[in-house]
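Structure first, commentary second.
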């Protein structure tokens, strides 16, 4: 079985996050960039299955700037057999549609039985990529799984909500996304770090995937304006002289909050 795990490099959650007022993109130089934790958990799901099932091949796939190769190599140190890093300046700031098309192109070319992703990244938090890939690849999807069981020809799992728990199953090939309810990822050990240096890590461009970014610009989401968030203004202080309720109601109505 071939399992492909999607990984994303994101600004450290505990670091400063700012947007460039010129490009509208995240300023990656203002904080440390790391593999998104939810992606590492997705990788752990794949590696746990591979540990128990001989012949399973786990590949890490990431679309990220050229400098993210170190983060991608961490997946190899954790246990992935190979990795593919899609890096192209033409893809900088790609919207979800273009990102999904690039990833889908690589998945079609390389082949897969199962694609595992996190439910949403900690930077964009869109949560739409798994189902977009499912549609483009024309395979079923199971999303937001809090438990996963992989079999030779199917995958099943639990999807929890506030009011119910759903058990779902689909045949392979398929795309699944997992939540933070899944176990933490393993730490790379010294043996894994040394072995990672000899494992294949392929870097591909948009051209390698057969994607002409210029031809698709008109159909992509574009940013038309960006402005710095205004400083927080002083609040309105109400002195209760027997009419505080009326003042509060008037304030809410004036600001269209009721």
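The values are calculated or read from the model by the stated rules, or taken from the named source; none is laboratory data. Since we're looking at a predicted model, the values are computed, not measured. For neighbour counting, all protein chains shown are included, and Cβ atoms are generated from backbone atoms with ideal geometry for every residue, glycine included.
Checking residue 249 against (1) surrounded by 10 or more Cβ atoms within 10 Å (Cβ to Cβ); (2) under 37 Å from the mean Cα position of the chain (by Cα), which single condition isn't satisfied?
Here residue 249 clears every test but (2).
Out of segment 150-160, which residues are under 20 Å from residue 129 (Cα atoms) and without any contact (Cβ under 8 Å) to a residue 40 or more places away in the chain?
Hits for segment 150-160 are 156, 157, 158, 159, 160.
Just checking: which of the strands (runs of 3 or more DSSP E) contained wholly in segment 136-217 hold 1 or more residues that are over 21 Å from residue 107 (Cβ atoms)?
By residue number, 147-150, 154-160, 165-171.
Identify the single condition in (1) without any contact (Cβ under 8 Å) to a residue 60 or more places away in the chain; (2) more than 24 Å from the chain's Cα centre (by Cα); (3) within 30 Å of residue 75 (Cα to Cα) that residue 195 does not satisfy, given that it satisfies every other one.
(1)
Those residues that are touching a strand residue (DSSP E or B) at 6+ places or on another chain (Cβ under 7 Å) and crowded, with 16+ Cβ neighbours inside 10 Å, I need them from segment 124-136; list them, please.
Residues satisfying the conditions are 129, 130, 133, 134.
Out of the residues in segment 104-129 meeting the condition of being without any contact (Cβ under 8 Å) to a residue 60 or more places away in the chain and in contact with a helix residue (DSSP H, G or I) (Cβ under 9 Å, 6 or more places away or on another chain), tell me which one is nearest to residue 159 (Cα to Cα).
128
Count, please, the residues in segment 233-246 that happen to be surrounded by 11 or more Cβ atoms within 10 Å (Cβ to Cβ) and out of contact with any helix residue (DSSP H, G or I) (no Cβ under 6 Å at 6 or more places or on another chain).
Adding up the residues that qualify gives 2.
Considering segment 62-80 alone, what residues qualify as being closer than 18 Å to residue 192 by Cα and buried (at least 18 other Cβ atoms within 10 Å of the Cβ)?
Residues satisfying the conditions are 71, 72, 73, 74, 75, 76, 77, 78, 79, 80.
List the strands (runs of 3 or more DSSP E) that sit entirely inside segment 1-69 and contain at least 1 residues that are at pLDDT 95 or above.
Answer list for segment 1-69: 2-7, 57-63.
Do any residues in segment 131-144 that are at positive phi and at pLDDT below 95 have Cβ atoms under 8 Å from those of residues that are assigned to a loop (DSSP other than H, G, I, E, B) and surrounded by 17 or more Cβ atoms within 10 Å (Cβ to Cβ), where the two are at least six apart or on different chains, and which pairs are they?
Listed pairs, sorted by first residue: 144/119; 144/179.
Table: residues versus (1) closer than 20 Å to residue 145 by Cα; (2) in contact (Cβ under 8 Å) with a residue 24 or more places away in the chain.
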| site | (1), (2) |
| --- | --- |
| 40 | yes, yes |
| 45 | yes, yes |
| 52 | no, no |
| 55 | no, yes |
| 63 | no, yes |
| 67 | no, yes |
| 72 | no, yes |
| 76 | no, yes |
| 79 | no, yes |
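Quick check on segment 212-221. Is at least one of its residues farther than 30 Å from residue 21 by Cβ and under 21 Å from the mean Cα position of the chain (by Cα)?
no
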